[in-house]
Amino acid sequence: MTRIGFIGLGHMGLPMARHLLAAGHHLAVHDAVAAKAASLTDDRARTATSVAEATRDAEIVITMLPEGRHVQEVYTTSDGVIANAPRGCLLIDCSTIDVETARAVSVAAAGAGRGLDMLDAPVSGGVSGAEGAALTFMVGGSETAFARARPVLASMGKRIVHAGAAGAGQAAKICNNLILGVSMIAVGEAFQLADRLGLARDKLFEVSAHASGQCWALTSYCPVPGPVPASPANRNYQPGFTSRMMRKDLKLAVAAARATGAVAPLSGEACHLYDLFCRSGGADLDFSAIIKLFGREIDA
Ligand code: NAD
């Protein structure tokens, strides 16, 4: 069994760490909020009071942090992961962050000269996917590091895709969430128009779930209560995946498009709408609650 340092025990990290324990691994866990790390009570889980302490004895370090700046800090400061990881340690960052930071941290790990290997391995599947060990991992980095990480990732996920070199996992994640953010807005717009046209919501669902408008945002995560019992719309849009997180991911898409010269007008518009929704009180609601925006006057 493997000695794993796990840093970032939030909505996603905590259930992921639980699956690693269930698979028989030994964990040293750390979170900036000490109570979160301490909530993981298990004989094989040791609470570490610093990033360095979580890292020092690890064969593998896994991080699940909010944004690129947190990843940069946790990996590259003098008491961070790279400075303290033992020779040959495998570093896996599962946070969703910008491609540039992912590549920079990977270069810093390689530059340490102690055989540290780094993967970016963001996930799709949300909190329910993390709880059910059903995440999809999109992985960027070397073939060797991927082969080494695969069995560990397999205890937290169902689908593990090697997307390419360092940063490719983040690129896949950003592109996927661009599709999701834009399609959720389209589905919300369609339900609002159906209301105005006097078309019953369940009839629109019955038609589009089996017609060319079919998409995940409609059939698995329907933004109106009723048609999909498990969707957050049936529990007052409690997350799930917050609108704040979707805004963050769409910002990453817009920034990546700008940096590469890609034409991405709908990413920009979707980002603007999520920003508007977040600033008008929706930030901590599930991202499917964006449909509420269409019940109001939009000052766009
Ligand atoms: P979260 O805010 O619940 O958890 C992040 C944790 O990191 C927090 O517990 C925080 O205290 C800790 N942290 C922050 N800075 C730290 C530091 N310097 N040292 C140690 N710990 C630190 O976020 P989450 O929902 O678990 O998401 C984590 C990542 O996964 C994000 O990048 C998010 O975009 C991505 N993601 C989330 C979901 C989702 O549904 N929540 C789905 C897919 C991907």
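The values are calculated or read from the model by the stated rules, or taken from the named source; none is laboratory data. Computed from a predicted model, the values in this text were never measured in an experiment. Backbone-built Cβ (ideal geometry, glycine too); neighbour counts: all protein chains shown. The accessibility values were calculated without ligands, DNA or RNA, using every heavy atom of the protein model including side chains. Shrake-Rupley method; radii C 1.70, N 1.55, O 1.52, S 1.80 Å.
Residues in the range 186-206: is at least one touching a helix residue (DSSP H, G or I) at 6+ places or on another chain (Cβ under 7 Å), among the β-branched types (Val, Ile, Thr) and crowded, with 22+ Cβ neighbours inside 10 Å?
yes
Does Ala270 satisfy being farther than 25 Å from Thr101 by Cβ, in a helix (DSSP H, G or I) and open to solvent by less than 20 Å² (accessible area, probe 1.4 Å)?
No: the conditions fail for Ala270.
Between a residue in the range 47-61 that is without any contact (Cβ under 8 Å) to a residue 24 or more places away in the chain and any residue that is assigned to a loop (DSSP other than H, G, I, E, B), which pairs come within a Cβ distance under 8 Å, given they are 6 or more apart or on different chains?
Taking only residues 6 or more apart or on different chains, the pairs are Thr47/Leu40.
Residues checked against (1) within 11 Å of the ligand (Cβ to nearest atom); (2) closer than 30 Å to Met246 by Cβ; (3) open to solvent by 20 Å² or more (accessible area, probe 1.4 Å); (4) charged (D, E, K, R):
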residue: Leu9; (1), (2), (3), (4): yes, yes, no, no
residue: Ala48; (1), (2), (3), (4): yes, no, no, no
residue: Val61; (1), (2), (3), (4): no, yes, no, no
residue: Arg69; (1), (2), (3), (4): yes, yes, yes, yes
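Restricting to the range 102-147, what's the tally of residues that are in contact (Cβ under 8 Å) with a residue 60 or more places away in the chain and crowded, with 18+ Cβ neighbours inside 10 Å?
8
State all residues of the range 148-168 that are more than 16 Å from the ligand (Cβ to nearest atom), closer than 20 Å to Val99 by Cα and surrounded by fewer than 19 Cβ atoms within 10 Å (Cβ to Cβ); if no residue qualifies, say none.
Gly164, Ala165
Return the residues of the range 149-166 that are touching a residue at least 60 places away in the same chain (Cβ under 8 Å) and basic (Lys, Arg); say none if nothing qualifies.
The answer is none; no residue qualifies.
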